[in-house]
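The values are calculated or read from the model by the stated rules, or taken from the named source; none is laboratory data. Only a predicted model underlies this, so the values are computations on that prediction, with no experimental measurement involved. Heads up, the Cβs are rebuilt from the backbone with ideal geometry, glycines too, and the neighbour counts pull from every protein chain shown. The protein model used for the area step is the full one, side chains on, heavy atoms only, and it has no ligands, DNA or RNA in it. Shrake-Rupley method; radii C 1.70, N 1.55, O 1.52, S 1.80 Å.
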Amino acid sequence: MMNELLGYEKGGPYPPDEYVRVNAGRLKTFVSEVFVKLGVPKEDADIVADNLVAADLRGVESHGVSRLRRYVDGIKIGAVKTRPNIKIVREGPAHALVDGDHGLGQPVAHRAMRLAIEKAKENFIGVVGVRNSNHYGIAGYYARMALNEDLIGISLTNSRPLVAHTGAIGKHIGTNPIAVAVPSEREPHFLLDMATSIVTIGAMEVAGRKGLEIPEGWAIDEKGEYTRDPEVVIKSGALLPLGGLGELFRGYKGYGLGVAVDVLCGVLTQSAWGKAVKNTTERYSNVGHFFVVINPGGFISIEEFKRSMETLKRELKSAKKHPKLGRIWIHGEKAWLTERYRIKHGIPIYVKTQEILKEVAEDLDLEPPF
Ligand code: NDP
């Protein structure tokens, strides 16, 4: 299957004068060392490292190790606790509410997703909300945890305000991602992992670092006009919801999805929502998450379910192709191919991200990973 795509990598090319290839294991060890040095228990540091490197392995450059400085700063200024008292504040057989006590988002979310998985194995469904957490990286990381157990995983988080909802200017709601992972007989499994805005603020930061303009239609400036300058978006403008500006391409659908995520992650858990969600370096960000795990075995046999998913993927792939577009992809397929390639050949780290990692290493008296 897909032999012609074995060398595929998302987002390339990666010229060697701008990128250095780093072994994923080496990168993980370095990131974990950084957090241990800051006082995070090794087990939690390993989870953060695994989450950030998973983003880089899967081609999400905006949510990988390039964000390390921000997490480090959050801990240094006391906005993120290194040894939080994570606890379950309410619980039933199939649900729970977890308080993250302002710890790093990744270990908090990892624990909450594990709890949802255990509940789904017992009760066919597990629903866990999380309050008082922090930025948890890529949403798909947690949805994917369910796949190993033949379960469907859903992972949502809210984020600091970055999006102008339909009719508004300025940053009001988060880019509030949704991830859904579904097991099938063979990889790549369906893994939808998307912001509810057209693009993420991380994509603006990557474009800014590389001196690139963004396409018209992704974002607006402070007056509500389209801007192609990522720095304007970061400083004074706003991202647009999926569907874009106004009603022509139904921007209100992305707006509604973003609000729905805020309702589950913020309102329902009594974490922050909308403009009250803060950045990782502000005390406290009060990010909320929401995890749902469904056991297909509660409906049909797992074998039948996975076989049917295989059929669904095949049907989608074998549709008549649009003459002007490339191949038909399944969600998660590009990331899966990229991961396979990068496990073998290393992760391309951009020159400015190398500088960030070197600075962090120097700061903490550690060896950089390259
Ligand atoms: P993308 O727009 O890159 O991709 C969204 C989804 O579409 C992915 O599942 C992707 O699969 C799939 N896809 C891409 N191209 C095709 C295609 N041609 N046909 C079918 N499916 C396709 O993601 P975003 O920029 O929206 O989000 C990037 C990351 O940022 C996500 O991991 C998200 O969780 C994270 N994020 C985190 C936030 C936080 O606060 N923690 C906030 C917002 C986003 P594939 O993965 O295989 O490319």
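Of all residues in the stretch 327-370 being small (Gly, Ala, Ser) and part of a helix (DSSP H, G or I), which is farthest from Arg186 (Cα to Cα)?
Ala361
Looking at the stretch 5-24 only, could you name the residues that are of a type in the set (S, T, N, Q) and either loosely packed, with under 13 Cβ neighbours inside 10 Å or within 16 Å of the ligand (Cβ to nearest atom) (or both)?
If the condition is that a residue be of a type in the set (S, T, N, Q) and either loosely packed, with under 13 Cβ neighbours inside 10 Å or within 16 Å of the ligand (Cβ to nearest atom) (or both), then no residue fits.
For Ser184, are the conditions met, namely being in contact with an Asp or Glu (Cβ under 6 Å, 6 or more places away or on another chain) and among the hydroxyl-bearing types (Ser, Thr, Tyr)?
Here the answer is yes, as Ser184 does meet what is asked.
Suppose the filter is touching a residue at least 12 places away in the same chain (Cβ under 8 Å) and either within 16 Å of the ligand (Cβ to nearest atom) or touching a strand residue (DSSP E or B) at 6+ places or on another chain (Cβ under 6 Å) (or both); does Val60 pass it?
In short, yes.
Find the residue count for the stretch 25-42, including only residues that are touching a residue at least 60 places away in the same chain (Cβ under 8 Å) and either within 16 Å of the ligand (Cβ to nearest atom) or surrounded by fewer than 22 Cβ atoms within 10 Å (Cβ to Cβ) (or both).
5
Residues of the stretch 26-52 being farther than 13 Å from Gly64 by Cα and among the charged types (D, E, K, R), which ones?
Arg26, Glu33, Lys37, Lys42, Glu43, Asp44, Asp46
Looking only at the stretch 255-276, which residues are within 12 Å of Gly129 (Cα to Cα) and either open to solvent by 40 Å² or more (accessible area, probe 1.4 Å) or among the polar types (S, T, N, Q) (or both)?
Within the stretch 255-276, Val263, Leu264, Val267, Leu268, Thr269, Gln270, Ser271 qualify.
Quick check on the stretch 229-245. Is at least one of its residues touching a Lys or Arg at 6+ places or on another chain (Cβ under 9 Å), within 26 Å of Ile75 (Cα to Cα), in contact (Cβ under 8 Å) with a residue 40 or more places away in the chain and open to solvent by less than 10 Å² (accessible area, probe 1.4 Å)?
Taking every residue of the stretch 229-245 in turn, none turns out to be touching a Lys or Arg at 6+ places or on another chain (Cβ under 9 Å), within 26 Å of Ile75 (Cα to Cα), in contact (Cβ under 8 Å) with a residue 40 or more places away in the chain and open to solvent by less than 10 Å² (accessible area, probe 1.4 Å).
Name the pairs whose Cβ atoms lie under 7 Å apart, with the first residue in the stretch 199-215 and touching a residue at least 24 places away in the same chain (Cβ under 8 Å), the second in a helix (DSSP H, G or I) and within 13 Å of the ligand (Cβ to nearest atom), and 6 or more positions between them or separate chains?
Thr200/Ser62; Gly202/Ser62; Gly202/His63; Ala203/Ser62; Glu205/Ser62; Val206/Glu61; Val206/Ser62
Take the stretch 236-254 and flag every residue that is out of contact with any Gly (no Cβ under 8 Å at 6 or more places or on another chain) and not in a loop (DSSP other than H, G, I, E, B).
Leu239
Please specify each residue of the stretch 291-326 satisfying the condition of being in a helix (DSSP H, G or I), more than 16 Å from the ligand (Cβ to nearest atom) and without any contact (Cβ under 8 Å) to a residue 24 or more places away in the chain. Can you show your working first?
Restricting attention to the stretch 291-326, the residues satisfying the condition of being in a helix (DSSP H, G or I) are 296-298, 302-317.
Pick out the ones that are also more than 16 Å from the ligand (Cβ to nearest atom) and you get 296-298, 302-308, 310-311.
Glu303, Glu304, Ser308, Thr311 - these are the residues of the stretch 291-326 that are in a helix (DSSP H, G or I), more than 16 Å from the ligand (Cβ to nearest atom) and without any contact (Cβ under 8 Å) to a residue 24 or more places away in the chain.
If I ask for residues that are open to solvent by less than 40 Å² (accessible area, probe 1.4 Å) and not in a loop (DSSP other than H, G, I, E, B), which ones from the stretch 57-90 would you list?
Passing the criteria: Leu57, Ser62, His63, Val65, Ser66, Arg67, Leu68, Tyr71, Val72, Gly74, Ile75.
Tell me, yes or no, whether the stretch 277-290 has at least one residue that is in a helix (DSSP H, G or I), open to solvent by less than 50 Å² (accessible area, probe 1.4 Å) and at pLDDT 95 or above.
no
Which one of these does Ala94 not meet: (1) under 17 Å from the mean Cα position of the chain (by Cα); (2) of a type outside the set (Lys, Arg); (3) within 27 Å of Ile300 (Cα to Cα)?
So Ala94 meets the others, but not (1).
Going residue by residue through the stretch 344-361, is there one that turns out to be within 15 Å of the ligand (Cβ to nearest atom) and surrounded by 12 or more Cβ atoms within 10 Å (Cβ to Cβ)?
No, the stretch 344-361 contains no residue that is within 15 Å of the ligand (Cβ to nearest atom) and surrounded by 12 or more Cβ atoms within 10 Å (Cβ to Cβ).
Counting only residues that are open to solvent by less than 30 Å² (accessible area, probe 1.4 Å) and away from the ligand (no atom under 16 Å from the Cβ), give me the strands (runs of 3 or more DSSP E) lying completely in the stretch 98-217 with at least 1 of them. Spell out how you get there, then give the answer.
Working: elements: 125-133, 152-157, 178-182, 190-194.
Of the strands (runs of 3 or more DSSP E) lying wholly inside the stretch 98-217, those with at least 1 residues that are open to solvent by less than 30 Å² (accessible area, probe 1.4 Å) and away from the ligand (no atom under 16 Å from the Cβ) span 125-133.
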